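J.: This is the structure I want to talk about, given as structure tokens.
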């Protein structure tokens, strides 16, 4: 249960940063979807480290293999399993972490939970776990495009106090991918780059906000009460490593508006009601209303830093620790495909769930 | 599935604002817990309208009845069912809403989803649905207090741009309940009261932020990956009516800190490592670390306002609408027990789940 | 979790034989289904005691109330809650059972599990719990008839060693309901009646087999591996009180055939392949093949008997016990609607699940 | 959902008979369990073909690899993933099955469900899928032995009409493994061997019954209503390939006994009540009572036979088909570890679930 997401389109990830590999089982993929391992790889390549000088310089090829669920180029309807092998690592690289808890990592909490220390490189808490999510989301992306023309696009909205100016309605994937920061505002991107490089030189790290838009989501997706579309998005997005906050539509800023300003007036549209503003972020009462779905995720500054920090040993003694090796001073660019992944997985699940809702004829005489 | 929350301590709510009643089935309550209907009623009374001039003046007695799962004053281990009857309503009171969609309500999205309009008072999207959550949470509260001394306390942190100054570590239930706003900062509470009353006179509404602290949560609660404690909190809290954002610990503000400032250093403590700061909000890697769990929820300004708004009819014609009757100009005070409810339900579930994790002896020689 | 069944069409029952009442929450009912409380009551009336001299003479009116999920005669798509009140009982009637375990009942095992004795009339293990299942199944019955013309019909196939001769293909509800035994073979029914009355006079009880057929189930329902249609049927049917065995198609008798005799040859049919025999019972590889689904459930003789039996007290002392009051000497007639209920619930769930499978266009060129 | 089993100890299998491999993700394994790949392999070796002349002569090495969840010889608490590679197969070996449905296989039903024909060797319906179950069950076996001394042992009880005489109480693994039939009654085993070899020569196949006993299961495992221990066993066992019936305790034979004969009288025991007979098969009211759990599974004769059979093509034309290559004339010996697997998985899940039930102190004064 702890590693599964979704009700119908249900993904279960497995694997640690060290060991045989990481991957995902995707249950509930509809049959007859044309899919290739290359389509998965394209999103995985956006996620992996080493893409630019801004992110970790480790070379992780992250080659995906589809173990099951695809036959002659089409999904069979049975579970897709995808495996990405870990590379062999120098087993001594993590020796200095065996008996000490890195501040603001999961080292101590995993030990408290499991009474066991998997000290090699973050274990299950490593961001490598998200490989499975991104691979599964590539399948969701293909499905949603095919059945409904849905498109999901995320970008870096801010790094530290540098805020981008982005028109989410006009944004393209090309604009996002144009800069290694994945910030489509060139001016902000340049300042982000400078800030991230300075943070690296300082042995420090930066956080920021990833924003995401989903377009052409039909009205009616999401379930009342606990499985609201925004609730599933919030749960999924907060489950990403380093996430500390989630907003839908107006978010926290909306709390400072009045109802009259915040309410989204309806006007007649070609295919039903449209709203003239979108403070709701495309979701009302937990259900999509046909407008763009807009959300934002706050990522804290990376916990792993080269500066010396105060901590304790497994035996309870005070000590200090400084990270060795190469580390991301800012995870934001790599978080972009992860945010897209959780939005895609949520939407695929809710789109399929709605299929089991809309089964009876429309009523001639509505009450 | 759509109306259930939790894995072991699992609640399923039912009911609409009109009809026979609303309620909850609570599966997974451990046996031998002493509980009375009065303990449920106490929390329900904090949730219901009509407590002060700040909130809706409707008189809803909301008397709970425990239908099953309790025998001779103790839980039996089988599902508890709790029912709160709806009062008979004037069936004509909602006639003017039959064919029109209220802006920023669930009227249109429910219709898009279900092809059916339950126009009587919000139906399943009504805040009355949260009665079941609050009743179930009263059971969770009793359980968590008994097994672990856990205490969960929420308060109104802001209304519009009025921000309270609250020391979450020293806060008491009495301080929260001292003012109808449920804001424990008397000065801010007074200004909030003024602002809310002004909004009512203006036919407008206000939003705000509810904050919540959970104390004495043992380290080790929460599951890696999708069922992280913060992910379950975020999903649960975002499922509350009118919620648009959730933060854990430093939240969005934390994105503007550097890693060196944001990391929570460890120091030796009497019962294991403690952190000297709590930007993590008590959760690291999705698992509690023994510090106070701190979260915040953004609630948009209430959608129902007396001012006239632009909207469309079910037939797609432009029209205008103004709310009739009495309505909350600000839901924040009533949202306090709802926020506590979702935190309590998440914690009860994760506390019980950890029971099935920690089953084997500690290893003598740890790797 | 312990009290829920189904993935999409998901029922959660609650209630004990004593206390406020028993009922069910049905989540996942598609909207726009016309349903009345009378349709639920019709099936509940077939389940309740007191219908003839063959079954318990207690008068339990079992009046159902729909608390939610239906508006103006149609389902809304939100959870249906159904409540059946318990009657007030003489609280002293069960005093003699307070400290003693009835043989082959759940008294001891519930106490071992919960450390708590709900001694009033069977508690959650009472057959009254099945009221919720039967009420939910009435909704499933209506849905399946409307969307696919599916019909589910069960009957008493044997009592003790009296075996009925029934042509399942030609059987009608009228034939089943024609005799209080619910055995549609008049000769066997007469002998069953005699045997049951003799058992009552002997202070003894009888068991038997209920058979069930589901007609017009489309090919393709059921999921591979764990959620096979036959696996879900077996799990659901074995969850009925007093069930000790389940067979699909040829069942145990099929183990004595050879493959050549047992295999069901295909022949061309108007709407696709048909089988010339049906040893598979309409299910192959866990998925329906369009033939009649046929299953059988073994019910042990009722545990409650008037004869004196050896047992132990809660304190571990040997003692004897003889049932007081009126009891079913044979549950088979009342088990018929319960068996139908589990088959209906399984089919409704799988029919809706298949909606989320069959979403992409057929392939022009199949591999 | 379709490929997962269990609530806390939750296994998800993946893979087809052809493609990259088959395997399982096991979520909910408690940390600190010592486990080696050799312990998984031991059970896998009992499952695989080619062990004797009685079963398929294909040489499938079925080497398991643990991809995650184990570190330095102990489980970490995070998901275990196990992979068994498929061997490369002659792609032409199944060409003759491309356009035709094998009788009493899943060929037609999968096509009806998915609109897609994975014609290579059974696909997901292949018995190779059970590799994942057996690997996961080896972990469950180790856990149950360690925490409760539970032992699960299955054997071939009958083949066709040859019935073994077995004392389940005294049975040992050695006695089961002593003969390739896995029938511990040497005389019956010899006759079974003769019958199976004759069936092979006849181009025919045989079915039979596998029985299973679970010893030292503590009283109190299993949940009321739908998640009864016997219901979960029945669902799990019926999900095995070729299963057509399941019995617990007295099963169908019990329906011919009277209540007085069938009830299991209690007598005082050293550790609580014991029953003097075990018609209940160790389960009463869905919950274990501390006696041996006894169940039986009916397996139909293998569908794949060398004799010519009547069938239809994918285009709906009548044709005939005879299996090529080597096939099991009787799956019973290989079904033994599969039956054990489902019993082990059910028991591990329920043992862990009970941990979250028994959390509060015993009541001093019981009602």
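J.: I need the full set of residues from segment B:318-346 which are over 18 Å from the mean Cα position of the chain (by Cα) and assigned to a loop (DSSP other than H, G, I, E, B), in order please.
T.: B:322, B:323, B:324, B:325, B:326, B:327, B:329
J.: Going through B:219, B:170 one at a time, which residue ends up being touching a helix residue (DSSP H, G or I) at 6+ places or on another chain (Cβ under 6 Å) and over 27 Å from residue B:104 (Cα atoms)?
T.: B:219
J.: Taking segment C:1-19 as the search range and keeping residues that are in contact (Cβ under 8 Å) with a residue 60 or more places away in the chain, under 17 Å from the mean Cα position of the chain (by Cα) and in a loop (DSSP other than H, G, I, E, B), which one is nearest to residue C:352 (Cα to Cα)?
T.: Restricting to residues being in contact (Cβ under 8 Å) with a residue 60 or more places away in the chain, under 17 Å from the mean Cα position of the chain (by Cα) and in a loop (DSSP other than H, G, I, E, B), the top hit is C:9.
J.: Let me confirm something: among D:120, D:106, D:160, which residue is in contact with a helix residue (DSSP H, G or I) (Cβ under 7 Å, 6 or more places away or on another chain) and on the phi > 0 side of the Ramachandran plot?
T.: D:160
J.: Here is a further query. Among the residues in segment A:271-280, are any out of contact with any helix residue (DSSP H, G or I) (no Cβ under 7 Å at 6 or more places or on another chain), closer than 30 Å to residue A:108 by Cα and without any contact (Cβ under 8 Å) to a residue 40 or more places away in the chain?
T.: no
J.: Report, by residue number, each residue of segment C:126-165 that is without any contact (Cβ under 8 Å) to a residue 60 or more places away in the chain and part of a helix (DSSP H, G or I).
T.: Listed by number, the list holds a single entry, C:145.
J.: May I ask you to verify whether residue D:147 is modelled with pLDDT of 95 or more and away from chain C (no Cβ under 14 Å)?
T.: In short, yes.
J.: Only residues that are assigned to a helix (DSSP H, G or I) and over 17 Å from residue B:329 (Cα atoms): list them for segment B:166-204, please.
T.: Across segment B:166-204, the qualifying residues are B:173, B:174, B:175, B:176, B:177, B:186, B:187, B:188.
J.: If you don't mind, another one. Tally up the residues in segment B:1-13 that are under 16 Å from residue C:77 (Cα atoms) and in contact with a helix residue (DSSP H, G or I) (Cβ under 7 Å, 6 or more places away or on another chain), please.
T.: So the answer is 5.
J.: Applying the selection to segment A:294-323, what residues are in contact with a strand residue (DSSP E or B) (Cβ under 9 Å, 6 or more places away or on another chain), more than 19 Å from residue A:202 (Cβ to Cβ) and free of Cβ contacts under 8 Å to residues at least 40 places away in the same chain?
T.: A:318
J.: Yes or no: residue D:169 within 14 Å of chain C (Cβ to nearest Cβ) and either more than 23 Å from residue C:248 (Cβ to Cβ) or touching a strand residue (DSSP E or B) at 6+ places or on another chain (Cβ under 6 Å) (or both)?
T.: Answer is no for this residue.
J.: Further question on the same structure: Give the residues of segment A:205-229 that are in a loop (DSSP other than H, G, I, E, B) and crowded, with 22+ Cβ neighbours inside 10 Å, sorted by residue number.
T.: Listed by number, the residues that qualify are A:205, A:207, A:217, A:220, A:221, A:222, A:223, A:224, A:228.
J.: If we keep just the residues of segment C:73-125 that are within 18 Å of residue C:40 (Cβ to Cβ) and not in a loop (DSSP other than H, G, I, E, B), which is farthest from the chain's Cα centre (by Cα)?
T.: C:74
J.: I'd like the full set of residues that are modelled with pLDDT under 95, more than 16 Å from residue C:337 (Cα to Cα) and out of contact with any helix residue (DSSP H, G or I) (no Cβ under 9 Å at 6 or more places or on another chain), limited to segment C:22-58.
T.: C:57, C:58
J.: Being within 23 Å of residue D:132 (Cβ to Cβ) and within 11 Å of chain B (Cβ to nearest Cβ) narrows it down to one residue among D:358, D:328, D:349; which is it?
T.: Residue meeting the stated conditions: D:349.
The values are calculated or read from the model by the stated rules, or taken from the named source; none is laboratory data. The shown structure was predicted, so the numbers you read here are calculated from the model rather than taken from an experiment. All Cβ positions, glycine included, derive from the backbone under ideal geometry; neighbour counts span all protein chains shown.
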